[in-house]
Amino acid sequence: MDAIQVLDLTYHYPDAPKASLQNVNCNIGKGTFTVLMGETGAGKSTLLMSLNGVIPKMMEGTQSGDVKLEGQSILPYRVQTITEYVGLVMQDAESQILGRTVEEDVMFGPRNYLVPRDEITHRVKESLVRVRLQGFEKRDATSLSGGEKQRLTIASILALNPQILLLDEPTSELDPLGREEIYTTIDDLRRNSDMTMLVVEHSSEDICEKAEHLLILQDGKFTWQGKPQDFFKDLTLVIQNGIKPITVSAIGWHLMEAGLINRDEIPLTVEEAALLIQKLINGRPIPPPPAISPRNSDTLIKTENLSFGYIKDNLIIKQMNLEIDQGDFVAIIGQNGAGKTTLAKQLNGLLIPTSGKVFIDGQDVTGKKPEEMASIIGYVFQNPDHQIFSTTVYNEILFGLKIANLSQTEINQRIEEVLEFTNLSDFKDTHPFSMGKGERQKLAVASILALKPKILVVDEPTTGQDWKGIRVMMEMMKTLNEHGTTIIMITHDMDVVSRYANHVILMNQGEILLQGRPEEVLAETEILRQASVTTTQTVRLCKQLGLPVYLDEKLLAESIINVSIGLSA
Amino acid sequence: MKISRIACLDIRLKVLFFVTIVILAFFFNNPFYNFVIMAFLIGVMLWGQLPLAGFWSMLKPMLTVFIIILLFTLFTKPYGLPERYSEHILFYVLPNNKLPATLGGLILGINFLLRIMLMVSVTYIFISSTAIDDILLLMSKLKAPYWLSIMITTAISFIPTMNHKKDQIFQAQKSRGATVNQKGIFGQLLSFVPIMVPLITNSILMANNLAIAMTNRGYGASSQMTMMKDLNFSGTDKVLFVLTLLIFIGAIILRFPLKYGVL
């Protein structure tokens, strides 16, 4: 029997223009691992919340259709009755931690069900082992890292012994190491229990190998269901659904279009791709990718022996000497806690260095206040909702310009320009909170761009965004960069690094471990591993085949095709 | 952190001790007696292995207030003290016998200070040695509703989260050029709008999320929760309980029938 059956489910949030789920149907087999993918706003979280009754019981919208767990409709039951069988881990880990210590948090669930004390102690121990947090019992929950917090939220749900586990983007805020930890945890759970799992995920490469079943949701409707391998081998289908393709499969697709391989041969992993390409090129050398123009050499930002620490003996940034050139597109990479954001915040005065100096355009700006720096360095934070406070898009952008004391004509002109640039002109008089998250992100960027900063710092611009959102955001950065703005971006997304950056800085424990052109840095897989960073599939493929390092998978595919055709001719 | 000797004691004992000291603080108007109680509390802190540095840091910000109180009482005519104190003039501040400082005023001021210090000390002893769980446990023993305890714990565990949010919002707005140092009261109030609005909207979103998260973990499944600890009264607790009671009764006898400690 199916663990979950969704029958003609429709759900309409109050005041929403259209239903978030529209006649959705699916069956999820008992003990299976299913992945749910789709663009932001497709209805993924809504669907998960419908499976444990939070929707419609705790929301005011209207629902029709039915959800059955092992053949039984959940509609007559209270949410608290369902949650004992269906565990839901939501997106934002921080707001789900309900205890001061790790142990206290895990206890919260079973205590509500009046589980006897000894049994609770046992369950706490067991669930923490399952997410590999044993020994963390007495730790203060606020002292945990992002990945640990995320695992704690999973443990707290596991302590309820649910038969079905729903995970909503469990890795979205994590660095590659944190992601790996979560996926090892999920793998362990699968091996050691017959729990049914449904996971929402944006990253194609992480899940393709693992999931048995894939559901694609678009605009509140299922557009595809089946085996993930079948889906990812079809590039047109993947792109149509707004899902990020698997890089090596995209290379395979180009090879197939060139008539070199069959559709079935399209690889899904780097290893499969390496074997396939080895056969195709048969020892023939692949030419290196076209040379890229060198960096500009006018130094714009320079730090001299920059150090920073909240506590004297514990430096987060250690004696850093850094140079960033005018017009650079810099990517700062490294694991969580490496000091990336701390470094960036020294540049615009959000944090004052413990020692050392910061120069911009040759001028010493050490110790200047962020408000004085606002017209030179713009800083785009990850969460747009931390800064939006006005009732219209226009007023939101106006705020910074008013402080800058510009003339009314200048203000109006700049707002028009920036609305045009960010494609928000139609939203000028809209209330920011009635727009989608993607639009709010653009608005946050727009309000900073209006100040025309020479330098733009973007802190994790791609976190929690879908593929389309990432591309829109990055294309915007690219255009800005082409118009002369120096961009400094902090990111975990190596595909973005390889596609957009011209200079990469790898940080580890407050120091620069490596820096250089992306193809140089991303090729140093050993050093990257030391800093818990993984490289892109394209680079891994090139390294595995012993080819010159390509960053663009399309160029690599073309070179392979050229060599292979030359070979057969 | 080292667990202090007092932390291991039963909360009921600590509540009794707290109440006793608060009452005793108002028993005597002879500063010497209050001074003895103060010395006793310092002794309790030392015996209980509570760091005196923590006590000092609580006291430090009050020092200015102490001086102001002392100056104020020194020059006011004290009531409720015998004339030999209230009329005893120590010195005059202004010429022509204007603005006298009296002995009674000095005694009144010192008593005030000692009473404040007694309250601060006993509060310090109580809070620095009592885990929130014990308070919750006591609440449930007293049949306080279960949601009240949950409200307290969640509120406490959300303080660091909210603080973090506040910092993020501050930084985001400062990076856009916002300052909180604008001119005039109105300007200052206005400059907080960009901080307060996101803080409030974020809090509402978080509260909503929290409600769902709590439901996901079965909150409300029954009208109670499993208690993870019992209150238990050990031998030491019993001895100290009796001792505290004896101190209390002793003080009552001293103060009322014997009329000690009253000027």
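The values are calculated or read from the model by the stated rules, or taken from the named source; none is laboratory data. Everything quoted here is computed from the prediction, not taken from an experiment. When we count neighbours, we look across all protein chains shown, and the Cβ atoms used for this are built from the backbone with ideal geometry, even at glycine.
Okay, here's what the table says:
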quantity: Count - residues of region A:559-569 that are surrounded by fewer than 16 Cβ atoms within 10 Å (Cβ to Cβ) and farther than 11 Å from A:Pro287 by Cα; calculated: 5
quantity: In region A:360-376, the residues that are touching a residue at least 24 places away in the same chain (Cβ under 8 Å), at the interface with another protein chain (Cβ under 8 Å from one of its Cβ atoms) and not hydrophobic (A, V, I, L, M, F, W, C); calculated: A:Glu371, A:Ser375
quantity: Single residue of B:Lys174, B:Lys229 found to be closer than 30 Å to A:His386 by Cβ and either within 11 Å of chain A (Cβ to nearest Cβ) or of a type in the set (Ser, Thr, Tyr) (or both); calculated: B:Lys174
quantity: Candidate set from region B:52-74 (those that are surrounded by 14 or more Cβ atoms within 10 Å (Cβ to Cβ) and free of Cβ contacts under 8 Å to residues at least 60 places away in the same chain); member that is nearest to B:Ala7 (Cα to Cα); calculated: B:Met62
quantity: Test: B:Ser140 is crowded, with 20+ Cβ neighbours inside 10 Å, within 28 Å of B:Asp230 (Cα to Cα) and modelled with pLDDT under 85; calculated: no
quantity: Matching entry among A:Leu158, A:Leu198 (being buried (at least 22 other Cβ atoms within 10 Å of the Cβ), in contact with an Asp or Glu (Cβ under 9 Å, 6 or more places away or on another chain), under 24 Å from A:Leu51 (Cα atoms) and not acidic (Asp, Glu)); calculated: A:Leu158
quantity: Of all residues in region A:377-398 being at the interface with another protein chain (Cβ under 7 Å from one of its Cβ atoms) and farther than 16 Å from A:Val458 by Cβ, the one that is nearest to the chain's Cα centre (by Cα); calculated: A:Asp385
quantity: Test: residue in region A:96-105 that is within 21 Å of B:Thr153 (Cβ to Cβ) and away from chain B (no Cβ under 11 Å); calculated: yes
quantity: Selection count, region B:155-180, where residues are β-branched (Val, Ile, Thr), within 25 Å of B:Lys14 (Cβ to Cβ) and buried (at least 18 other Cβ atoms within 10 Å of the Cβ); calculated: 0
quantity: Residue within region B:82-95 that is surrounded by fewer than 17 Cβ atoms within 10 Å (Cβ to Cβ), touching a residue at least 40 places away in the same chain (Cβ under 8 Å) and either acidic (Asp, Glu) or not in a helix (DSSP H, G or I) (or both) present; calculated: yes
quantity: Filter result for A:Gly43 (surrounded by fewer than 22 Cβ atoms within 10 Å (Cβ to Cβ) and at pLDDT below 95); calculated: no
quantity: Selection status of A:Leu350, buried (at least 18 other Cβ atoms within 10 Å of the Cβ), part of a loop (DSSP other than H, G, I, E, B) and not charged (D, E, K, R); calculated: yes
quantity: Residue match in region B:179-194 (condition: more than 30 Å from A:Leu51 (Cβ to Cβ), without any contact (Cβ under 8 Å) to a residue 40 or more places away in the chain, at the interface with another protein chain (Cβ under 10 Å from one of its Cβ atoms) and among the charged types (D, E, K, R)); calculated: no
quantity: Search result, residues across region B:226-241 that are of a type outside the set (Ser, Thr, Tyr), assigned to a loop (DSSP other than H, G, I, E, B) and over 17 Å from B:Thr153 (Cβ atoms); calculated: B:Asp230, B:Leu231, B:Asn232, B:Phe233
quantity: Filter result (of a type in the set (S, T, N, Q), surrounded by fewer than 20 Cβ atoms within 10 Å (Cβ to Cβ) and touching a helix residue (DSSP H, G or I) at 6+ places or on another chain (Cβ under 8 Å)) within region A:392-434; calculated: A:Thr392, A:Asn423, A:Ser425, A:Thr430
quantity: Criterion (within 15 Å of the chain's Cα centre (by Cα), touching a residue at least 40 places away in the same chain (Cβ under 8 Å) and more than 29 Å from B:Ser157 (Cβ to Cβ)) met by exactly one of A:Glu209, A:Glu205, A:Glu169, A:Glu173; calculated: A:Glu205
quantity: Single residue of region A:65-90 satisfying the filter (more than 9 Å from chain B (Cβ to nearest Cβ) and not in a strand (DSSP E or B)) that is nearest to B:Gly218 (Cα to Cα); calculated: A:Ile82
quantity: Set A:Leu189, A:Leu177: member being surrounded by fewer than 21 Cβ atoms within 10 Å (Cβ to Cβ) and under 30 Å from A:Met507 (Cα atoms); calculated: A:Leu177
quantity: Subset of region B:115-145 (residues that are under 18 Å from B:Phe28 (Cα atoms) and in contact with a Phe, Trp or Tyr (Cβ under 6 Å, 6 or more places away or on another chain)); calculated: B:Val122
quantity: Residue that is surrounded by the most Cβ atoms within 10 Å (Cβ to Cβ) [pool: residues in region A:111-122 that are in a helix (DSSP H, G or I) and within 7 Å of chain B (Cβ to nearest Cβ)]; calculated: A:Asn112
quantity: Test: residue in region B:17-32 that is farther than 19 Å from B:Leu254 by Cβ and of a type outside the set (Ser, Thr, Tyr); calculated: yes
quantity: Qualifying residue in region A:194-216 (condition: under 17 Å from A:Gln465 (Cβ atoms) and basic (Lys, Arg)); calculated: no
quantity: Residue check for A:Lys357: surrounded by fewer than 17 Cβ atoms within 10 Å (Cβ to Cβ), more than 9 Å from chain B (Cβ to nearest Cβ), basic (Lys, Arg) and over 28 Å from the mean Cα position of the chain (by Cα); calculated: yes
quantity: Residues (within 17 Å of A:Gly178 (Cβ to Cβ) and outside any helix (DSSP H, G or I)) located in region A:481-505; calculated: A:Ile490, A:Thr491, A:His492, A:Asp493
quantity: Count - residues of region A:377-406 that are in contact (Cβ under 8 Å) with a residue 60 or more places away in the chain, closer than 22 Å to A:Gly436 by Cα and not in a loop (DSSP other than H, G, I, E, B); calculated: 3
quantity: Which listed residue, of B:Ser223, B:Ser203, is more than 9 Å from every other protein chain (Cβ to nearest Cβ), closer than 23 Å to B:Ile156 by Cβ and part of a helix (DSSP H, G or I); calculated: B:Ser203
quantity: Matching residues in region A:413-436 - criterion: being more than 26 Å from the chain's Cα centre (by Cα) and among the hydroxyl-bearing types (Ser, Thr, Tyr); calculated: A:Ser425, A:Thr430
quantity: Criterion: among the polar types (S, T, N, Q) and either under 20 Å from A:His213 (Cα atoms) or within 29 Å of the chain's Cα centre (by Cα) (or both) - qualifying residue of A:Ser20, A:Ser64; calculated: A:Ser20
quantity: For B:Lys238: the one exception among (1) away from chain A (no Cβ under 13 Å); (2) more than 32 Å from the chain's Cα centre (by Cα); (3) modelled with pLDDT of 90 or more; calculated: (2)
